[in-house]
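What follows is one structure encoded as structure tokens, with my remarks underneath.
Only the coordinates and a few stated rules stand behind these numbers; no lab work does. For clarity, every value in this text was computed on a predicted model and none was experimentally measured. No Cβ is skipped: glycine too gets one built from the backbone with ideal geometry, and neighbour counts run over all protein chains shown.
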Amino acid sequence: MRTYESTRAHNKKPPSPSRLRAPWRIALVANLKDEFDWGPDAPSDAGSEFDRRETIESLAAALEEDGHWVTFCRADETLPEAMLNLRPQIVFNIAEGLGGDAREAQAPALFELLSIPYTASRVLANAISLDKTQTKRIWQQVGLPTPRFVEARSAQDVDDRGLKYPLFVKPVREGTGMGIDQGAIVHDARQLAERVAWMVEAYKQPALVEEYLPGREFTVGYIGNPGFPARRRRPWLYDNDGYHYFPILEIDSGVSVSPGVYGHAAKSYDIGAPGAPGYICPTDIPDSLRLRLTELTRKAAEAIGACDVSRVDLRLDADGEPSLMEINTLPGLNPAVSDLCIVAAAEGMPYPDLITEILYLAAERQGLLFDSLRYAEVGPHALAQPVPRGPITWGLAGE
Ligand SMILES: Nc1ncnc2c1ncn2[C@@H]1O[C@H](COP(=O)(O)OP(=O)(O)OP(=O)(O)O)[C@@H](O)[C@H]1O
Ligand SMILES: [Mg+2]
């Protein structure tokens, strides 16, 4: 892997794009955790969404092992110049973006401006999924179950509008459990006002206030796109509707540092360490519930137009019915700790296969030329079938 270093040569003419042929020139675009100083006023979990260097190295290794040339590019002000100089055939995008109200859509907007294909969801879906309120409005509109909610834009604008306590308060545009601990559960109007005031001040964005879901928590990861999968690299992975659902992961926060909440602290522990939640995959649930969770996942993703890969978080409500909390259109891809990689591993899918499958789904969707012969040429994993393993359980849950 090489790293793109900016020369600030904004006046350079971009080279003309070369014809697509193996190996591909891939730009791996991300924001690195250790490259930002958030300043003294930032919340302690600022930047948690950004990626670790080891994630970039693992992704690059998976793509290089598949035969491609990979250049890491930072998703900052050097990105336009990097794209013009490198002219990648495709971008592997995990960029969180910087600032603004739709940061996860910034890099995709640039790729579209330059007509560069890229992996995972497009501009609109990334902007919507980052904003949990807008996502919930869309889900409600298409009749999908999600807790009733209000959005509070300032400490003066707090009104529970008759929602049923306890309520749950979270920043509208963050992830990785930022701003979320047991204090997020509020039991009366006074606690609600205090929590919203703190959140709006600390995270400089509106607070989403929703009814608390007390039941079991699940996350459903998938790869795929609607459509018959015959021309995909590993067509056998997909159902006829074009999707491959990984086994459902149950998160048992009851054994974690923050029982009842899978927040930032709980997410920071290594799997299996004291204080970490229990991770159970595949979880033991009736077929009817499994089918309902995957059906809600597909509908939730299609409602916002997600592409290639996503992870949907759900919990059971007081009546035991599943309800949608959020969709992650750029799910974490750290091989050791990210939920999507955990569920793929539970199924027996090697990490390089997960990563290259996301790449080729994006390539197929955007009409890049390739055929089955090419697959046979590109690397040791190219034709590997997934090896199913038995159920695996981490942590204390289920013991
Ligand atoms: N309405 C709710 N009722 C009960 N628990 C909730 C609710 N909303 C969020 N939570 C809890 O807070 C956790 C984090 O919430 P959410 O998934 O919306 O945030 P996130 O920070 O975007 O997560 P991720 O790390 O998956 O990006 C959930 O996993 C769940 O445990
Ligand atoms: Mg979540």
Give a residue-ordered list of calculated ³J(HN,Hα) values for the range 333-338 (Karplus: 6.51 cos²θ - 1.76 cosθ + 1.60, θ = phi - 60°; whole Hz; x for Gly, Pro). 10, 6, x, 8, 10, 6
For the range 45-92, the Rg and Dmax computed from alpha carbons only, in angstrom: 12.4, 37
Go through the range 215-221 residue by residue and turn each phi into a ³J(HN,Hα) via Karplus (6.51, -1.76, 1.60, θ = phi - 60°); whole Hz please, and just put x for glycine and proline. x, 4, 10, 10, 10, 10, x
Quick check: convex hull over the Cα atoms of the range 138-188, volume per residue in Å³, rounded to an integer? 118 Å³
With +1 on the Cβ of every Lys and Arg and -1 on the Cβ of every Asp and Glu, the dipole magnitude of the range 148-211 about its Cα centre, in debye rounded to the nearest 20, is 100 debye
Long-range amide H partners of residue 222, meaning residues 5 or more apart or on another chain whose placed amide H is closer than 5 Å, are 246, 310
The range 2-129: proportion of alpha-carbon pairs further apart than 16 angstrom, %: 63 percent
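Take the Cα pairs of the chain, get the Kirkwood Rh, then feed it into Stokes-Einstein at 37 °C and 0.692 mPa s and tell me D in µm²/s.
Details: Rh = 21.8 Å.
The diffusion coefficient I find is 150 µm²/s.
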0 to 90° range, to nearest 10: angle between helix 287-304 axis and the chain longest Cα axis: 70 degrees
List the residues, sorted by chain then number, that are 5 or more residues from residue 90 or on another chain and whose placed amide H is less than 5 Å from its amide H. 25, 27
Mean shadow area of the range 96-204 over all directions, Cα convex hull, nm²: 8.0 nm²
When N counts the residues of the range 236-374, how does its alpha-carbon radius of gyration compare numerically with 2.2 N^0.38 Å, as a ratio? 1.13
How much length is gained on full extension from residue 154 to residue 34, taking 0.36 nm per residue of separation minus their Cα-Cα distance? 40.1 nm
Spatially close lysines, pair count over the chain: Cα under 24 Å, gap of eight or more or interchain: 18
Return a whole-number percent for the relative contact order of the range 217-394, with Cα pairs under 8 Å and 6 or more residues apart as the contact set. 24 percent
Would you kindly derive the ³J(HN,Hα) couplings of the range 257-273 from the backbone phi angles with the Karplus curve 6.51 cos²θ - 1.76 cosθ + 1.60 (θ = phi - 60°), listing them in order in whole Hz, with x for Gly and Pro? 4, 10, x, x, 9, 8, x, 4, 4, 4, 6, 7, 7, 5, 4, x, 6
Calculate the dipole size of the range 2-129 relative to its Cα centre from +1 charges on Lys and Arg beta carbons and -1 charges on Asp and Glu beta carbons; express the result in debye to the nearest 20. 920 debye
Amide H contacts of residue 216 (H built 1.01 Å from N, under 5 Å, at least 5 apart or other chain): 316
Assigned charges on the beta-carbon of Lys, Arg, Asp, Glu; the chain dipole about Cα centre (debye): 1300 debye
Contact order relative to length for the range 2-129, counting C-alpha pairs under 8 Å separated by 6 or more residues, stands in percent at 32 percent
Signed unit charges on C-beta, dipole axis of the chain, positive-most listed residue 146, 202, 229: 229
Can you give the Kirkwood hydrodynamic radius of the range 62-129 from its Cα pairs, in Å with one decimal? 12.5 Å
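Of the beta bridges DSSP finds with both residues in the chain, what % are antiparallel, to the nearest 5?
Restricted to the chain, the bridges split so that about 70 percent are antiparallel.
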How high is the relative contact order of the chain, in percent, with contacts defined as C-alpha pairs under 8 Å that are six or more residues apart? 18 percent
